[in-house]
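Peer 1: One structure, pasted below without further comment.
The values are calculated or read from the model by the stated rules, or taken from the named source; none is laboratory data. Here the structure is a predicted model, which is why all the values come from computation and not from measurement. Cβ: placed from backbone, ideal geometry, glycine included. Neighbour counts: every protein chain shown.
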Amino acid sequence: MGRKIIHVDMDAFYASVEQRDDPQLRGKPVIVAWKGNRSVVCAASYEARAFGVRSAMPAVRAQRLCPDGVFMPPDFPRYRAVSKNVHEIFKRHTDLIEPLSLDEAYLDVTQNKTGLPTATLVARTIREQIRQELSLTASAGVASNKFLAKLASDWRKPDGLFVIQPEEADAFLLPLPVGRLPGVGKVTEEKLAKIRVQTVSELRGLGFAALEDKFGRYGARLYELGRGIDETPVVPDRPTKSISVEDTFPEDVLLAETEPMIRRLAENLWSVSRKESRIARTIILKLKTREFKTLTRSHTPASPPSSREELMDIALQLRERVDLGPQQRYRLVGIGLSNFREAEETTGQPALFE
C-alpha cells in the first residue's frame, strides 16, 4: 500500500497569532518585525502581503510598501507555546510527525490513530480542530510523498486543502515551472533555462546521465523530482543539531561595546537550551563586521556550561579571540550551541579549541 503523507502549514502563523490575541489587529496589515534599519520581517499577515510585504524582507522596505502596516515585535515564547498546541492536535492522529519549523510539519498517516478511512479526511479533521480549538487556520496538502504534499499545501493557501491522488500526479506536476521544485533556486533555474528546460515536463525529457553530468549529485535528485519520486521518510523527533540566537545592532559598534548584547543573548539561549533533552558541548560566538564579513569562534569545554552565567563567561572569552583591531565596528552578534550529546556522554571529555 502506498504512503499517505500530509504537509500542514499554518497560515501567516506569527501574524495570525497576533491578530487572534488582539481583536483590534484583525483585518489590519500586521507585520511581525522590530522597527529599525537593520530589522527584517519575520511574518506578514495576508492583509500586509497584499502590499507586497514578505518574510525576510528588510523592515524599512516593508514600511515603505505598507505605510499603514502595524509593526509587532516578535514574541517567540508565545509562538512556541501555540506551536506545541498545534502538535498536540497532530498527535491525536499519528506519532509520525516531522516538524520543519514552528509553523509546518509532515505527518505520515498511512495508518492513523483515529481510524479515519482516508488521509484527506484526516487532513480535513486536523484543520477543523485547529480552527475550533486554537482559532487559527492551516493549509494542508495530501499526497503519496513529502515532496508532492508540500507542493499541494501551497496550492490553495491560505486556509486551503489540496489533494494529489497518485494517478493525478503527472497531470499536476508536468506543467509546473522548474522553480517550484525544492532546491531549484535562481542559479539552477538559469542553468536549466540555458538548456531550454523551463517546465517539469521539459525536465523529464532529460536523462539521468545528462542531469548528473550537469548538476552533479543534485542531478539525481532532479531526475527523481521530475518524475514525482520522493522516498524520504517522515522522521519524527529529529535530534537537534544546533540552536542559536543573534541580533543586529541599530548602529555599528566597537567590539568592546558588545558585552551587554552578548550577555542578553546568552541568557536567551540558556532559556531555550533548557527545553532540550540532550546537552550541547560546543559554544559558538558569531560576529559580522560592518563590511559583512562573518567571523566565528568556538570552544568545547571539558564539561558543558552548568549555568547561564558560565555560558555568558565562555561567550565573552570567545570574544577575546577576535582581533581585527580596536577600531573595527560590528553590525551583528550571535551565540550558538552545537555538538549535542546525551547527558551520559558529556562527562570526562577533553577540551577542544577550534
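Peer 1: Could we say that residue 231 is surrounded by 13 or more Cβ atoms within 10 Å (Cβ to Cβ), acidic (Asp, Glu) and under 30 Å from residue 181 (Cβ atoms) here?
Peer 2: Here the answer is no, as residue 231 does not meet what is asked.
Peer 1: Which condition from (1) buried (at least 17 other Cβ atoms within 10 Å of the Cβ); (2) more than 30 Å from residue 122 (Cα to Cα); (3) among the aliphatic types (A, V, I, L, M); (4) within 16 Å of the chain's Cα centre (by Cα) is the one that residue 56 breaks?
Peer 2: Failing condition for residue 56: (1).
Peer 1: Specify the residue that is nearest to residue 36 (Cα to Cα); the eligible residues are those in the stretch 250-268 that are in contact (Cβ under 8 Å) with a residue 60 or more places away in the chain and out of contact with any helix residue (DSSP H, G or I) (no Cβ under 7 Å at 6 or more places or on another chain).
Peer 2: My answer is 250.
Peer 1: Just to check your reading of the model, which residue among 285, 265, 316, 311 is at pLDDT 90 or above, assigned to a strand (DSSP E or B) and closer than 27 Å to residue 76 by Cα?
Peer 2: Residue meeting the stated conditions: 285.
Peer 1: Could you say whether any residue in the stretch 7-18 is modelled with pLDDT under 90 and either under 30 Å from residue 165 (Cα atoms) or in contact with a strand residue (DSSP E or B) (Cβ under 7 Å, 6 or more places away or on another chain) (or both)?
Peer 2: No, the stretch 7-18 contains no residue that is modelled with pLDDT under 90 and either under 30 Å from residue 165 (Cα atoms) or in contact with a strand residue (DSSP E or B) (Cβ under 7 Å, 6 or more places away or on another chain) (or both).
Peer 1: Further, regarding this structure: Checking the conditions here, which among 64, 3 is farther than 18 Å from residue 146 by Cα and charged (D, E, K, R)?
Peer 2: Just one listed residue meets the conditions, 64.
Peer 1: Can you tell me how many residues in the stretch 169-192 are more than 23 Å from the chain's Cα centre (by Cα) and surrounded by 12 or more Cβ atoms within 10 Å (Cβ to Cβ)?
Peer 2: The number of residues fulfilling the criteria is 9.
Peer 1: While we're here: Kindly indicate whether any position in the stretch 38-50 is on the phi > 0 side of the Ramachandran plot and over 22 Å from the mean Cα position of the chain (by Cα). Full working, then the answer.
Peer 2: Within the stretch 38-50, the first condition is being on the phi > 0 side of the Ramachandran plot, and the residues that meet it are none.
Checked the stretch 38-50: no residue is on the phi > 0 side of the Ramachandran plot and over 22 Å from the mean Cα position of the chain (by Cα).
Peer 1: Can you confirm whether residue 182 is modelled with pLDDT of 90 or more and closer than 27 Å to residue 50 by Cβ?
Peer 2: Working: modelled with pLDDT of 90 or more: no; closer than 27 Å to residue 50 by Cβ: yes.
Spelling it out, it is not the case that residue 182 is modelled with pLDDT of 90 or more and closer than 27 Å to residue 50 by Cβ.
Peer 1: Still on this structure: For the stretch 319-354, how many residues are small (Gly, Ala, Ser), over 28 Å from the mean Cα position of the chain (by Cα) and modelled with pLDDT of 85 or more?
Peer 2: Count: 1.
Peer 1: Also, I was wondering about something else. Scanning for something surrounded by 14 or more Cβ atoms within 10 Å (Cβ to Cβ), in contact with a helix residue (DSSP H, G or I) (Cβ under 8 Å, 6 or more places away or on another chain) and not in a helix (DSSP H, G or I), does the stretch 120-133 turn up at least one residue?
Peer 2: no
Peer 1: On the given criteria, is residue 70 aliphatic (A, V, I, L, M), more than 24 Å from residue 156 (Cα to Cα) and modelled with pLDDT of 95 or more?
Peer 2: Considered against the rule, which asks whether it is aliphatic (A, V, I, L, M), more than 24 Å from residue 156 (Cα to Cα) and modelled with pLDDT of 95 or more, residue 70 comes out as yes.
Peer 1: Give me the pairs, please: first residue somewhere in the stretch 96-124 and over 26 Å from residue 80 (Cβ atoms) and in contact (Cβ under 8 Å) with a residue 60 or more places away in the chain, second residue anywhere and of a type in the set (Gly, Ala, Ser) and part of a loop (DSSP other than H, G, I, E, B), beta-carbon distance under 9 Å, and either six or more positions apart or on two chains.
Peer 2: 110/2
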